[in-house]
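What follows is a single structure, written as structure tokens, with notes after it.
The values are calculated or read from the model by the stated rules, or taken from the named source; none is laboratory data. This one's a predicted model, so the numbers in the text were calculated from it and none came from an experiment. Don't worry about glycine lacking a Cβ; one is built from the backbone with ideal geometry, like all the others, and counts go over all protein chains shown. The protein model used for the area step is the full one, side chains on, heavy atoms only, and it has no ligands, DNA or RNA in it. Shrake-Rupley method; radii C 1.70, N 1.55, O 1.52, S 1.80 Å.
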Amino acid sequence: MQFLSHRGYWDNDHPKNSIKAFERSFDLGFGTETDFRDRNGILVISHDPATSGAPPASKFFSTLKARDKSLMVAMNVKSDGLQSMLKQAVTEHGIENYFLFDMSVPDAVASIRAGLRVFTRQSDFEPVPNFYQEAAGVWMDAFLRDDWLTPGEIASHLNAGKQVCLVSPELHGRPHLPFWKRMLKSNVHLNPSVILCTDIPESAKFYFNQ
């Protein structure tokens, strides 16, 4: 199992989606999930509509490249039409271990056609993932409940040659430990094609590798 920090490895001293949070994540050997938008024609990091304080994506990628550009980046695409800017960014910085997700279906199709790596999404609201054949992996997100997210469901995607990224329940304000226990008991964590996106990557790494 691989571990991704959610919007950087943040705490009181390292705000979400800040360069400090990304530095902390990368320095500890964790890839990250973060949010991309455009502002005045410039690619930036921002979950909500971008303001002048949003970090430029170029700074994010430079920070990653200076540490370890092989670390995984999950790119949550918040605006349509970013294909050319994202492709230019990953090409210029030599970033290969990445995927795009959460964009609209038409934008996802455009991203696939542009040669970018894209994950589809499966959730308690979306039981059937879109553009499944074309997707490199599946972002498995349990917004309200995760009883449907079973080892068998995960295995079905792995057997189809997909990577799988699991959203840890604390991202939605639920306790994480019951879900982690189910994954540990099923040995899902032993598959290197399984990824966990979490707010507490150090705790996750210790839990699954103890």
**Report entry** Residue in region 16-56 that is modelled with the highest pLDDT, counting only those that are open to solvent by 70 Å² or more (accessible area, probe 1.4 Å) and of a type outside the set (D, E, K, R)
**Finding:** Leu28
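Out of the residues in region 184-202 that are open to solvent by 60 Å² or more (accessible area, probe 1.4 Å), under 20 Å from the mean Cα position of the chain (by Cα) and of a type outside the set (A, V, I, L, M, F, W, C), state the one that is nearest to Met140 (Cα to Cα). So that I can check it myself, show each step before the final result.
First, pick out the residues of region 184-202 that are open to solvent by 60 Å² or more (accessible area, probe 1.4 Å): 185, 187, 190, 192, 202.
When the remaining residues are screened for being under 20 Å from the mean Cα position of the chain (by Cα), the result is 190, 192, 202.
Of the ones still in play, those that are also of a type outside the set (A, V, I, L, M, F, W, C) are 192, 202.
Values: Pro192: 16, Glu202: 21 Å.
Of everything passing the filter in region 184-202, Pro192 is nearest to Met140 (Cα to Cα).
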Query - Subset of region 57-70 [open to solvent by 20 Å² or more (accessible area, probe 1.4 Å) and either more than 16 Å from Gly94 (Cβ to Cβ) or not acidic (Asp, Glu) (or both)] - result: Ser58, Lys59, Ser62, Lys65, Ala66, Arg67, Lys69, Ser70
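Listed residues Leu64, Leu71; which is part of a helix (DSSP H, G or I), more than 16 Å from Ser111 (Cα to Cα), in contact (Cβ under 8 Å) with a residue 12 or more places away in the chain and aliphatic (A, V, I, L, M)? Give the steps one after another, and end with the answer.
On the way: Leu71 fails: part of a helix (DSSP H, G or I).
Just a single option satisfies the conditions, and that option is Leu64.
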**Report entry** Filtered residue count, region 184-210, keeping only those that are without any contact (Cβ under 8 Å) to a residue 60 or more places away in the chain and in a helix (DSSP H, G or I)
**Finding:** 7
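Looking only at helices (runs of 4 or more DSSP H) that lie completely in region 80-183, which have at least 3 residues being farther than 27 Å from Lys205 by Cβ and open to solvent by 20 Å² or more (accessible area, probe 1.4 Å)? Steps first, please.
Numbers: elements: 83-93, 105-113, 151-159.
Fully inside region 80-183 and qualifying: 83-93, 105-113.
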Requested in this report: Please name all residue pairs, on different chains or six or more residues apart, with Cβ atoms under 7 Å, provided the first residue is in region 1-26 and is acidic (Asp, Glu) and the second residue is part of a helix (DSSP H, G or I).
Outcome: Glu23/Thr63
